[in-house]
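> The structure under discussion is supplied below as structure tokens; questions concerning it will follow.
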């Protein structure tokens, strides 16, 4: 029996529009430590490499603009713990599924397509979010940023997930919203679908992709070409 087709998904900005809740947690911590709050458009450009990287980049940007001294690594570790604590308690306040996602996931299940999540968000937070937003049961495996000893853009994050699912790298496609996803897929030699208006500073034409889509509405038309 031939192996099933597999789709790997990024989480933040791809499956779920999580930026509003990430902004709430980000601004809670920043305000507590004496920094200005950031707008939603700013936070969307900072997401994608995990919470510590997000906070570090945010602080660096504000330090450059205001001349404020950057926090030490110890303080950033402290801020990251507070961010995760606050975010975990407020993970689905304003987060919403991307347009067309539920119908697309249902179509994939009906067509016996294996599905996995590869995200740089912590595994426990990812699973909690997917459960609370009621799409967890669609996925065969969820690999967070701390699941393996590496994460995106390292292609091993994707290839290890494919192996666990029991998929075939030659029958796999990746769907994501940023260059972090794109670079991982390209390095793994997996076709990549880019979701527009992602959590990135780059424009769509600056990110490598095989296909470009606004959302998940009618996305099965692209997938059918690979089945």
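The values are calculated or read from the model by the stated rules, or taken from the named source; none is laboratory data. Here the structure is a predicted model, which means the values were calculated and not measured. Here Cβ is always computed from backbone atoms with ideal geometry, including for glycine, and neighbour counts include all displayed protein chains.
> Out of 147, 161, I need the residue that is at pLDDT 95 or above, on the phi < 0 side of the Ramachandran plot and not in a loop (DSSP other than H, G, I, E, B). Which one?
Residue meeting the stated conditions: 161.
> Output the residue which, of all residues in region 161-184 that are in contact with a strand residue (DSSP E or B) (Cβ under 7 Å, 6 or more places away or on another chain) and free of Cβ contacts under 8 Å to residues at least 60 places away in the same chain, is nearest to residue 113 (Cα to Cα).
Across region 161-184, the extreme among qualifying residues is 164.
> Right, next: Give me the residue from region 121-144 that is in contact with a helix residue (DSSP H, G or I) (Cβ under 8 Å, 6 or more places away or on another chain) and part of a loop (DSSP other than H, G, I, E, B) and, out of that set, surrounded by the fewest Cβ atoms within 10 Å (Cβ to Cβ).
This residue is 140.
> So which residues in region 90-108 are assigned to a helix (DSSP H, G or I) and either under 19 Å from the mean Cα position of the chain (by Cα) or surrounded by 13 or more Cβ atoms within 10 Å (Cβ to Cβ) (or both)?
Of everything in region 90-108, those that are assigned to a helix (DSSP H, G or I) and either under 19 Å from the mean Cα position of the chain (by Cα) or surrounded by 13 or more Cβ atoms within 10 Å (Cβ to Cβ) (or both) turn out to be 101, 102, 103, 104, 105, 107, 108.
> Scan region 14-47 residue by residue and report those that are assigned to a loop (DSSP other than H, G, I, E, B) and touching a strand residue (DSSP E or B) at 6+ places or on another chain (Cβ under 7 Å).
Hits for region 14-47 are 14, 15, 18, 47.
> Determine, yes or no, whether residue 170 is under 22 Å from residue 23 (Cα atoms), modelled with pLDDT of 95 or more and surrounded by fewer than 17 Cβ atoms within 10 Å (Cβ to Cβ).
Here the answer is no, as residue 170 does not meet what is asked.
> Could you figure out which of (1) surrounded by fewer than 16 Cβ atoms within 10 Å (Cβ to Cβ); (2) at pLDDT below 95; (3) in contact with a strand residue (DSSP E or B) (Cβ under 9 Å, 6 or more places away or on another chain) isn't true of residue 201?
Residue 201 satisfies all of (1) surrounded by fewer than 16 Cβ atoms within 10 Å (Cβ to Cβ); (2) at pLDDT below 95; (3) in contact with a strand residue (DSSP E or B) (Cβ under 9 Å, 6 or more places away or on another chain) except (3).
> Being free of Cβ contacts under 8 Å to residues at least 24 places away in the same chain, touching a helix residue (DSSP H, G or I) at 6+ places or on another chain (Cβ under 7 Å) and crowded, with 18+ Cβ neighbours inside 10 Å is the requirement here; does residue 54 meet it?
no
> Going by what's in this entry, would residue 182 be described as under 21 Å from residue 87 (Cα atoms), out of contact with any helix residue (DSSP H, G or I) (no Cβ under 9 Å at 6 or more places or on another chain), assigned to a helix (DSSP H, G or I) and assigned by TED's automatic domain parsing to the domain that holds residue 209? Steps first, answer last, please.
Numbers: under 21 Å from residue 87 (Cα atoms): no; out of contact with any helix residue (DSSP H, G or I) (no Cβ under 9 Å at 6 or more places or on another chain): yes; assigned to a helix (DSSP H, G or I): yes; assigned by TED's automatic domain parsing to the domain that holds residue 209: yes.
When the stated conditions are applied, residue 182 does not pass them.
> Here's a follow-up. Within region 175-186, can one find any residue that is more than 17 Å from the chain's Cα centre (by Cα) and crowded, with 16+ Cβ neighbours inside 10 Å?
no
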